[in-house]
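Read the structure below first, then the notes.
The values are calculated or read from the model by the stated rules, or taken from the named source; none is laboratory data. Not measured: the values here are computed from a predicted model. Cβ sites come from the backbone with ideal geometry, for glycine too, and all protein chains shown count toward neighbours. Keep in mind that these areas ignore ligands, DNA and RNA; they rest on the heavy atoms of the full protein, side chains included. Shrake-Rupley method; radii C 1.70, N 1.55, O 1.52, S 1.80 Å.
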Amino acid sequence: MSADLQSPTSAQFSAGSANTIEVNDCVFCQHGKEICSDCDYDGREENDGFFGLENKERDPLEMPTSTINKAGVYQCKKHGTGNCGQCFNWKKQITKLHREAAKAGRRK
């Protein structure tokens with residue numbers, strides 16, 4: 001899934017960097033990617049740490065198709081909510097990516 005992002009206003013950038021956005025406690029580059037070669041950005045360590053997880057090599061999170069509401073909050077397009085427990089359940093998604101990376105490492 002790709003992010004369908006509108007141009008963010010300065011209020012939507014996280015305080016940590018002028019080139020990042022925060023979506024329900026998870027940080028992405030201004031393009032809506034956790035790893036972005038255009039920005040030279042990798043937010044995996046920050047996101048893993050925020051959720052109390054060990055920083056391990058894994059694939060990046062994928063931000064679901066999103067819109068920005070009038071209050072400047074990103075919300076999933078599927079459910080229309082900014083704190084969607086299904087689309088923005090980052091800790092569960094990161095944990096799954098860690099498991100998948102561990103399994104892929106064992107197959108080598």
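Taking each residue of region 77-94 that is under 14 Å from VAL27 (Cβ atoms) and looking for partners that are of a type in the set (Ser, Thr, Tyr) and part of a loop (DSSP other than H, G, I, E, B) with beta-carbon atoms closer than 9 Å, six or more apart or interchain, yields PHE88/THR81. Please determine, by comparing only the residues of region 42-62 that are open to solvent by less than 40 Å² (accessible area, probe 1.4 Å) and in contact with a Cys (Cβ under 8 Å, 6 or more places away or on another chain), which one is farthest from ARG99 (Cα to Cα). Residue satisfying both the conditions and the ranking: GLY43. The set of residues in region 29-41 being surrounded by 15 or more Cβ atoms within 10 Å (Cβ to Cβ) and either part of a loop (DSSP other than H, G, I, E, B) or of a type in the set (A, V, I, L, M, F, W, C) (or both) consists of CYS29, GLN30, HIS31, GLY32, GLU34, ILE35, CYS36, CYS39. Among the residues of region 64-75, is there at least one that is modelled with pLDDT of 95 or more, surrounded by 15 or more Cβ atoms within 10 Å (Cβ to Cβ) and within 11 Å of the chain's Cα centre (by Cα)? No, there is no match, as no residue in region 64-75 is modelled with pLDDT of 95 or more, surrounded by 15 or more Cβ atoms within 10 Å (Cβ to Cβ) and within 11 Å of the chain's Cα centre (by Cα). Among the conditions (1) modelled with pLDDT of 95 or more; (2) not in a loop (DSSP other than H, G, I, E, B), GLY105 misses just one, which is (1). May I ask you to list the residues in region 76-102 that are outside any loop (DSSP other than H, G, I, E, B) and open to solvent by less than 80 Å² (accessible area, probe 1.4 Å)? Answer for region 76-102, where residues must be outside any loop (DSSP other than H, G, I, E, B) and open to solvent by less than 80 Å² (accessible area, probe 1.4 Å): CYS76, TRP90, GLN93, ILE94, THR95, LEU97, HIS98, ALA101, ALA102.
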